[in-house]
Amino acid sequence: IFEDLSWEIHDDRCVGLVGPNGAGKSTLLRLLAGELAPTGGSVVRRKGLTAGYLAQEPVLPQDSTLWQAVFSANEALLQIEAELAEVEHALADPAVYTNEKALTRAVEKQERLLERYEQLGGASYEGRVRSTLLEMGFSEDDFMLPVEVLSGGQRKLAGLARLLLVQPDLLLLDEPDNHLDLQGKAMLEQMIQNYPGGVVIVSHDRFLLDLVVDEIAELEDGRLTVFPGSYSEYAFEKQLRLMRQQQMFQAQQKEIKRLEQAAKRLLLW
């Protein structure tokens with residue numbers, strides 16, 4: 001699809017990834033997210049970097065409600081809750097609480113888990129899930145809806161909610177505005193503008209890109225070109241480049257025609 005690409009993404013910018021259909025934009029996002037491995041070259045990530053990827057068609061946990069699908073986004077927190085439950089079960093076991101060493105180990109493990117639980121915002125997590133869903137435009141009556149009945153726009157919003165709860169360092173959004181109404185697009189715009197990390201967004205909505213991006217990365221004919229500024233600035237600069245290329249082509253054609261005419265005159269002489 002492409003080769004010899006060189007691209008650096010910064011954590012304080014929003015980049016609009018644009019290009020014709022089939023250029024490989026979704027493939028490039030999946031490479032950045034780690035869902036695909038490059039057949040050549042490498043993707044170098046900052047140590048400890050976390051990336052969140054929203055596909056064009058978000059994959060949500062099946063056989064779950066909207067609430068369950070969004071609540072399960074923070075896997076690390078859910079894992080700690082499961083381990084805490086195990087420790088609490090162990091503390092109730094006579095073989096543990098009657099054994100000083102076993103009891104000490106269990107209490108120390110519980111303390112470590114509780115500290116990590118607090119670091120991840122476990123105590124306020126349920127409230128954050130509720131407020132995030134409400135901010136996305138869902139009502140509390142929607143919380144128990146099966147994910148199978150959600151519309152395309154609702155699935156996109158649920159996928160965004162999952163990412164917001166995890167807050168990855170880098171957001172990779174593949175046409176997140178598809179299926180969204182005006183209210184949903186306004187929410188998406190605000191979310192991107194306020195996001196504390198880096199964002200790469202693929203979108204065909206020029207107005208949205210103008211509002212949120214700091215630079216444009218154009219993927220076309222297997223090449224990646226970065227343009228600083230908004231989408232409108234990129235479109236203007238690209239138009240100038242095309243005009244210059246056309247002028248150069250016309251000048252070359254004119255010179256070729258002049259040389260051909262000179263050659264004919266020489267042959268006639």
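The values are calculated or read from the model by the stated rules, or taken from the named source; none is laboratory data. Owing to the predicted nature of the structure, the values given are computational and were not obtained by experimental measurement. For neighbour counting, all protein chains shown are included, and Cβ atoms are generated from backbone atoms with ideal geometry for every residue, glycine included. The accessibility values were calculated without ligands, DNA or RNA, using every heavy atom of the protein model including side chains. Shrake-Rupley method; radii C 1.70, N 1.55, O 1.52, S 1.80 Å.
Descriptive notes on the structure:
- Choice from Glu81, Glu108, Glu237 showing the highest fluctuation, given a GNM over the chain with Cα pairs closer than 10 Å: Glu108
- Solvent-accessible area, 1.4 Å probe, carbon plus sulfur percent, for the chain: 51 percent
- Rg/Rg_globular for the range 1-68, with Rg_globular taken as 2.2 N^0.38 Å and Rg from C-alpha atoms: 1.34
- FRET E, pair Glu260, Leu240, Förster distance 45 Å, beta-carbon r, rounded to 0.05: 0.90
- Rounded to the nearest 20 debye, the dipole size of the chain about its Cα centre is 1720 debye, using +1 on the Cβ of Lys and Arg and -1 on the Cβ of Asp and Glu.
- In nm, spacing of pseudo-spin labels at Glu140 and Lys47 (7 Å Cα→C-beta vector): 4.7 nm
- Take the Cβ atoms of Arg13 and Asp181, set R0 to 35 Å, and the FRET efficiency comes out at 0.80.
- Span from the the range 13-39 Cα centroid across to the the range 212-269 one, whole angstrom: 26 Å
- Simple spin-label estimate for Arg130 and Ile1 in nanometres, 7 Å along Cα-Cβ: 4.2 nm
- Accessible-area value, Lys238, 1.4 Å probe, nucleic acids and ligands omitted, Å²: 50 Å²
- FRET E, pair Gln167, Asp221, Förster distance 41 Å, beta-carbon r, rounded to 0.05: 0.70
- The shape of the chain comes out prolate: with a ≥ b ≥ c from the C-alpha gyration tensor, a/c is at least 1.5 and a/b beats b/c.
- The residue among Ala69, Val166, Ile256 whose Cα reaches farthest toward the positive pole of the charge dipole of the chain, with charges on the beta-carbon of Lys, Arg, Asp and Glu, is Ile256.
- Where Cα atoms sit under 27 Å apart: lysine pairs in the chain separated by 8 or more or lying on different chains: 10
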